Amino acid sequence: MNRVAEEGREEAESLIHDPGSDSVQLLTIHKSKGLEFPLVCLVNMGGQSRGVTRFMADRSKGYYYIKLGELAGTGVEEAEKREALRLEAEQIRLFYVAATRARDYLVLPRFCKKGTGGFWSHLERAEEENADLWSGSLSLQAGLVSRGSQTAAGPAGDQQGGDDSALLDGLIAQRRRWSEELKEIVASAAAPGPFISTGALAGELTMEPARAPVFADPASALSGDGTAFGSAFHQIMERIDLRRPSPEGIALEVARAAVQWEIGREEELTGLVRVTLEHPLLLRARRSKYLYRELPFAYKFEGLLIEGIVDLLFHESEGLVIVDYKTDAGSEAELERRWDRYRWQGSVYAAALAEIAGLPVSEVSFIFVRKNVVKSIYNPDLDLLRKTLRKNINKRGCEYIWKK
């Protein structure tokens, strides 16, 4: 422990805890770090180290002090005082770590005499400074039960000579109820719930034409094809330095993506990436304070878990801007046929991110990189989207049927 403290290292969290086990676990304070238990009992609170400090280090001056029996170097006495203060601070920190492992109940056995060292010495000092230290706590002593002077209903007073069997029965019953509730929660979480991707969801939705979102369509032209090509493009856009793109960085990521996805059109990939990076939409993202790429999300709506990944998200003063890259090949007419589905995908993105982030979504834009076409939904009507979602969902137990 001293070596860990001197080296300034943090204790590793325990690797032996099984949160599903209904058992008593015996752990040192160091091994309990990072864990949590319904009930924690701290033992040997009056114990203290019997070792003698013979070697001390003064980190501020870079000195070492050695004491061998009556033989001691210059400055050892002052070093001992500083070391005692350091060890006391370390002991208080350890007591804090131990006490905060308890989630519901913390048991502090008090079997030692007043004036004993260890953790209780710090609590005794706190008792002297604060008369209400144990207010609201529960004490069990040799069959006698007493409650702290402060409760939610006011002073409870002392219950001298009371029988603690009813109280213990109540605590045991509460523990059993908690255990049963935990089992139900675990069983419920283990069962796969109904979920759908945003792309699949968008393909099942319809909307009244008169209320459809308004979008812009600036266009020009480029070309290519294949799922692997699209995956390679997305990987490059995720990994390059979006704020300060360089030709060397682009070339490196294009080469990596071409090898991973086994495609040979590196020149075409490079051209598409460069054209996309020069688009005004990407320049706006570059200037924004916050931007995120390949951002996964899960959005729960009416018991249905909707999952998706946003290619690019950035924040402007008007709200969040969502960008999705599309590498579709095909004619202008084919892109128009697909757009009806894509705009619903974007609307679902907007509903999810608005609720998750608690911020308005001002724009959802799709960049069709092979055509250099951008289609955008501005200020999507999220209330209309949720209304349409509810209209399409037919809930039957744990099954969801999407009406076509």
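Computed from the coordinates by the stated procedures, all read-outs in this text should not be read as laboratory data. Here the structure is a predicted model, which means the values were calculated and not measured. No Cβ is skipped: glycine too gets one built from the backbone with ideal geometry, and neighbour counts run over all protein chains shown.
Observations
- Label sites at K391 and E180, each approximated as a point 7 angstrom past Cα along Cα to Cβ, lie 4.5 nm apart.
- Net lengthening on full extension, E238/E36 (0.36 nm per residue, minus Cα-Cα): 69.0 nm
- Residue ranges 33-41, 317-325 sort as 317-325, 33-41 when ordered by packing (mean number of other C-beta atoms within 10 Å per residue, highest first).
- Peptides 122-132, 231-241, 84-94, 281-291 ranked from most to least packed give 231-241, 281-291, 84-94, 122-132, packing being the mean of other C-beta atoms within 10 angstrom over each peptide's residues.
- Under-5 Å amide H pairs with D324, H placed in peptide plane, nonlocal only: S365, F366, I367
- Per-pair calculated FRET efficiency, R0 = 35 Å: L305 and R284 via Cβ, rounded to 0.05: 0.65
- Less than 5 angstrom separates the built amide H of G47 from those of F119, all sequence-distant by 5 or more or on a different chain.
- S231 paired with E80, simple spin-label distance in nm, labels 7 Å along Cα-to-beta-carbon: 7.0 nm
- The length gained on full extension between E128 and L384, counted as 0.36 nm times the residue separation minus their Cα-Cα distance, comes to 85.8 nm.
- Here's how it looks for W134: its modeled amide H is under 5 Å from none belonging to a residue 5 or more places away or on a different chain.
- Protection-proxy order for peptides 357-366, 263-272, each taking the mean of Cβ atoms within 10 Å per residue, highest first: 357-366, 263-272
- Whole-Hz Karplus values for segment 98-106 come out as 5, 5, 7, 6, 7, 8, 10, 10, 10 Hz, taken residue by residue from phi with 6.51 cos²θ - 1.76 cosθ + 1.60 and θ = phi - 60°; glycine and proline positions read x.
- From phi via Karplus (6.51, -1.76, 1.60), per-residue ³J(HN,Hα) for segment 264-271 in Hz, x at Gly/Pro: x, 8, 5, 5, 5, 4, 4, x
- Each residue of segment 338-353 was assigned a 3J(HN,Hα) from its phi angle through the Karplus expression (A = 6.51, B = -1.76, C = 1.60, θ = phi - 60°), giving 6, 4, 4, 6, 5, 5, 6, 4, x, 5, 5, 3, 4, 4, 5, 5 Hz with x at Gly and Pro.
- Using R0 = 45 Å, the C-beta based FRET efficiency linking E294 and Q25 works out to 0.70.
- Fully extended contour minus Cα-Cα distance, from L168 to R103, at 0.36 nm per residue: 21.5 nm
- Put a dot 7 Å past the Cα of R274, heading toward its Cβ, do the same for E90, and the two dots end up 6.1 nm apart.
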